[in-house]
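Every number here is computed from the coordinates shown, using simple stated rules; none is lab data. These numbers were taken from a predicted model, which means no experiment stands behind them. With ideal geometry, Cβ positions are generated from the backbone for all residues, glycine too; neighbour counts draw on all protein chains shown.
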Amino acid sequence: MAKLSAKEEFKIGDKIDTMDNSNMGIARIRKVEGNSLFFTDEKGTDYQGFSRATARKLIEGGAWKRINIK
């Protein structure tokens, strides 16, 4: 996949499968603010302030998987 700009990399509504490597399970990005991602999991639990760089490394390393990119 071509490298996306920071603005395009993560968008509200994108879903991430944490593949049981996190207590979030499948999470949806509900807000992107600066370099922080804010997730909501399938149970409706909100998670705040997750680093965009950490999410990128987990996806690139295969620990997490993108389900869709809007």
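Of (i) 4.3; (ii) 8.0; (iii) 6.3, which one was derived for mean projected area of the Cα convex hull in nm² from the structure shown?
(i)
Cβ under 13 Å from residue 51's Cβ, residue 51 left aside: what net charge do those residues give with Lys, Arg +1 and Asp, Glu -1?
Taking every other residue near residue 51 into account, the sum is +1.
Leaving out same-chain residues fewer than 8 places away, which aspartates and glutamates sit with a Cα under 14 Å from that of residue 65?
The reachable aspartates and glutamates, counting only those whose Cα sits under 14 Å from residue 65, are 9, 14, 17, 20.
Just to check I understand the Karplus step: with θ = phi - 60° and J = 6.51 cos²θ - 1.76 cosθ + 1.60, what whole-Hz values come out for segment 51-63, glycine and proline as x?
Per-residue couplings from phi come out as 5, 4, 5, 5, 4, 4, 5, 5, 5, 5, x, x, 6 Hz.
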